[in-house]
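Some notes on the structure that comes next.
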Amino acid sequence: MIKLAPSILSADFSRLLEDVKKVEEAGCHLLHIDVMDGHFVPNITIGPLVVESLKGKTQLPFDVHLMIENPDQYIKDFVKAGADIITVHSEAVVHLHRTLQFIKSHGVKAAISLNPATPLNVLEYVLEDLDMVLLMTVNPGFGGQGFIPSTLPKIKALKELITTRGLNIDIQVDGGIKADNIQEVVKAGANIIVAGSAIFNSGDIKTAVDTLKRNALD
Ligand code: DX5
Ligand code: ZN
């Protein structure tokens, strides 16, 4: 099953809950929450307080994408704030195995994200510990950027690796996914699709979600 995870980075923060309700009613599956610290990426967004303000107000699971240095320091806070999945960047973590166990010890799903230039081989010895891999299809930091085509063969290679090892790990893609390229990433092997600007900047959330879903499966 293909799941849609709207990124609230492109939502209207002055009406955040309204926008969340809209994507929920439109039939999305997860709420993608982009956390940026101004160090790991050049932008600053939101922290656990904002995430917690949405807790209990939507049925959508919280998919928390940490684009921050030293994520271990904040994992507990995001769990408390309602996170269901916590993704850390391989480039931001020194002891990946330890961090993954730490996330899982809190009873939430653990995922690793790779920047477009980061090779898949960093996953080699931790793949079995993962619930999901997030492949960045833009350089993280901003919504509304263009999809980087060299990430397509990377999605395929990851899918092959997961299949060869007989594992059941979600492949999430994030960045520059629109109605005209969603099919390509799904065909390559992605099953959780993040979309920010394509949904929230569309002027009509329901139609945008329907179009993405239809094109994903065509
Ligand atoms: C980029 C974020 C993405 C971003 C996606 O750093 O991780 O989640 O908001 O936005 P679009 O879909 O507009 O590229
Ligand atoms: Zn993201």
List, please: which pairs have Cβ atoms under 6 Å, are six or more places apart or on different chains, and start with a residue in the range 19-46 that is among the basic types (Lys, Arg) and end with one that is away from ligand 1 (no atom under 11 Å from the Cβ)? Lys22/Ile205
Residues of the range 166-180 classified as within 11 Å of ligand 2 (Cβ to nearest atom) and closer than 15 Å to Ala110 by Cα, total: 1
Answer from Asp180, Asp210, Asp218 - the residue that is within 16 Å of ligand 1 (Cβ to nearest atom), of a type outside the set (Ser, Thr, Tyr) and more than 18 Å from the chain's Cα centre (by Cα): Asp180
So, of the residues in the range 20-43 that are within 16 Å of ligand 2 (Cβ to nearest atom) and in a helix (DSSP H, G or I), which turns out to be nearest to Ile169 (Cα to Cα)? Val23
Every residue from the range 120-142 that is outside any loop (DSSP other than H, G, I, E, B) and within 16 Å of ligand 2 (Cβ to nearest atom): Met132, Val133, Leu134, Leu135, Met136
Going by the conditions given, is Ile192 buried (at least 21 other Cβ atoms within 10 Å of the Cβ), touching a strand residue (DSSP E or B) at 6+ places or on another chain (Cβ under 6 Å) and under 21 Å from Glu91 (Cβ atoms)? yes
Do the conditions hold for Ile199, that is, is it closer than 21 Å to Leu30 by Cβ, in contact (Cβ under 8 Å) with a residue 12 or more places away in the chain, surrounded by 17 or more Cβ atoms within 10 Å (Cβ to Cβ) and within 14 Å of ligand 1 (Cβ to nearest atom)? yes
Would you say Ala5 is outside any helix (DSSP H, G or I), within 21 Å of Gly176 (Cβ to Cβ) and hydrophobic (A, V, I, L, M, F, W, C)? yes
If you go through Ile85, Ile103, Ile75, the only one that is in contact (Cβ under 8 Å) with a residue 12 or more places away in the chain, within 24 Å of Lys178 (Cα to Cα) and either of a type in the set (A, V, I, L, M) or part of a strand (DSSP E or B) (or both) is Ile85
Are any residues in the range 56-95 over 19 Å from Ser10 (Cα atoms), charged (D, E, K, R) and out of contact with any helix residue (DSSP H, G or I) (no Cβ under 8 Å at 6 or more places or on another chain), and if so, which ones? Lys76, Asp84, Glu91
Hey, Tyr74 hits all of (1) surrounded by fewer than 23 Cβ atoms within 10 Å (Cβ to Cβ); (2) under 18 Å from the mean Cα position of the chain (by Cα); (3) under 30 Å from Gly189 (Cα atoms); (4) more than 12 Å from ligand 1 (Cβ to nearest atom) but one; which does it fall short on? (3)
Of all residues in the range 53-64, count the ones that are loosely packed, with under 15 Cβ neighbours inside 10 Å and part of a helix (DSSP H, G or I). 1
Please go through the range 143-200 and give me each residue that is outside any loop (DSSP other than H, G, I, E, B) and of a type in the set (Gly, Ala, Ser), ordered by number. Ala157, Ala188, Ala195, Ser197, Ala198
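Read-outs throughout are calculated quantities, based only on the coordinates presented, and are distinct from any laboratory measurement. Just so you know, these numbers come straight off a predicted model, no measurement behind them. Glycine also receives a Cβ, built like all others from the backbone with ideal geometry; neighbour counts cover every protein chain displayed.
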